[in-house]
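To keep things clear, I will list the structure first and then write my remarks on it.
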Amino acid sequence: MGTMGRGRGQSLVEFALAATVLLILLTGVLDLGRMYMAWVAIQDAAGEGALYAAMNPRCISAANGPDCQTPNNAYDRTFIAIRSTPGTPLDPYRVTIVITPNDPGQICFGTPITVSTRYSFTMITPVMQAMFGPEVALRAYAVQRALNNGSSGCP
């Protein structure tokens, strides 16, 4: 009878060790999944902003004129795409958006317009924080060629 009790105790210890390792792996995979979803969100937003800029090269930012007020410019379209991504609770105010060129006077038909997004992703699990640090900078970009002239000075 004494041997049977030890076998049960040993099984319990083995289960506890295995469950701990599996739980740590599972939470790490969860964080990596969240990070991938965040990257997909900023990649899609960059694509949305680049497409809007290609179709409307006169409205890169709200400063380009009265027709370019929110949400009718590439910066706002990128920001709105990040804010409205379903299933990914991103903080849109932690995203940096850079559009090159950002002056409509430098954009003529066929000019490549690049929208770059950068997001500071926060890890939630201690294991992933130890591996990557508490925050990871995610970067994404999209390039579209202008479909219209951004200024009247274009050939």
Check region 47-56 and report whether any residue there is loosely packed, with under 14 Cβ neighbours inside 10 Å and in contact with a Leu (Cβ under 6 Å, 6 or more places away or on another chain). yes
Basic (K, R) and part of a helix (DSSP H, G or I) - does that describe any residue in region 23-38? yes
Which residue pairs have Cβ atoms under 8 Å apart, sit 6 or more places apart or on different chains, and have a first residue in region 32-48 that is more than 13 Å from R83 (Cα to Cα) and of a type in the set (D, E, K, R) and a second that is modelled with pLDDT under 95 and crowded, with 18+ Cβ neighbours inside 10 Å? R34/F121
In region 131-155, which residue that is in contact with a helix residue (DSSP H, G or I) (Cβ under 6 Å, 6 or more places away or on another chain) and in a loop (DSSP other than H, G, I, E, B) is farthest from D91 (Cα to Cα)? S151
When region 100-155 is examined, which residues are found to be within 17 Å of R34 (Cβ to Cβ) and aromatic (F, W, Y)? Y119, F121, F132
Restricted to region 57-71, and to residues that are closer than 12 Å to D103 by Cα and not small (G, A, S), which residue is surrounded by the most Cβ atoms within 10 Å (Cβ to Cβ)? P57
Residues in region 72-99 that are at pLDDT 95 or above and exposed (fewer than 15 other Cβ atoms within 10 Å of the Cβ): how many? 2
Can you name the residue in region 121-155 that is under 19 Å from G47 (Cα atoms) and of a type in the set (S, T, N, Q) and, of all such residues, is surrounded by the fewest Cβ atoms within 10 Å (Cβ to Cβ)? N148
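Do the conditions hold for Q10, that is, is it surrounded by fewer than 20 Cβ atoms within 10 Å (Cβ to Cβ), within 25 Å of A146 (Cβ to Cβ) and free of Cβ contacts under 8 Å to residues at least 60 places away in the same chain? So that I can check it myself, show each step before the final result.
Details: surrounded by fewer than 20 Cβ atoms within 10 Å (Cβ to Cβ): yes; within 25 Å of A146 (Cβ to Cβ): no; free of Cβ contacts under 8 Å to residues at least 60 places away in the same chain: yes.
Answer is no for this residue.
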Restricted to region 109-130 and to residues being part of a helix (DSSP H, G or I) and in contact (Cβ under 8 Å) with a residue 12 or more places away in the chain, the residue nearest to G65 (Cα to Cα) is M128
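Among the listed residues A53, A63, which satisfies the condition of being outside any loop (DSSP other than H, G, I, E, B), farther than 16 Å from P92 by Cα and touching a helix residue (DSSP H, G or I) at 6+ places or on another chain (Cβ under 6 Å)?
Values: A63 fails: touching a helix residue (DSSP H, G or I) at 6+ places or on another chain (Cβ under 6 Å).
Result: A53 is the single residue among A53, A63 that is outside any loop (DSSP other than H, G, I, E, B), farther than 16 Å from P92 by Cα and touching a helix residue (DSSP H, G or I) at 6+ places or on another chain (Cβ under 6 Å).
Could you pull out the residue among A137, A142, A146 that is in contact with a Cys (Cβ under 8 Å, 6 or more places away or on another chain), closer than 24 Å to I82 by Cα and among the aliphatic types (A, V, I, L, M)? Before you say what the answer is, go through the steps one by one.
Numbers: A137 fails: in contact with a Cys (Cβ under 8 Å, 6 or more places away or on another chain); A142 fails: in contact with a Cys (Cβ under 8 Å, 6 or more places away or on another chain).
None of the other options fit; the residue is A146.
Within the group S84, S61, which residue is closer than 26 Å to C154 by Cα and of a type outside the set (D, E, K, R)?
Working: S84 fails: closer than 26 Å to C154 by Cα.
The match here is S61.
The values are calculated or read from the model by the stated rules, or taken from the named source; none is laboratory data. Note that the coordinates shown come from a computational prediction; the quantities given were computed from them, not determined experimentally. Backbone-built Cβ (ideal geometry, glycine too); neighbour counts: all protein chains shown.
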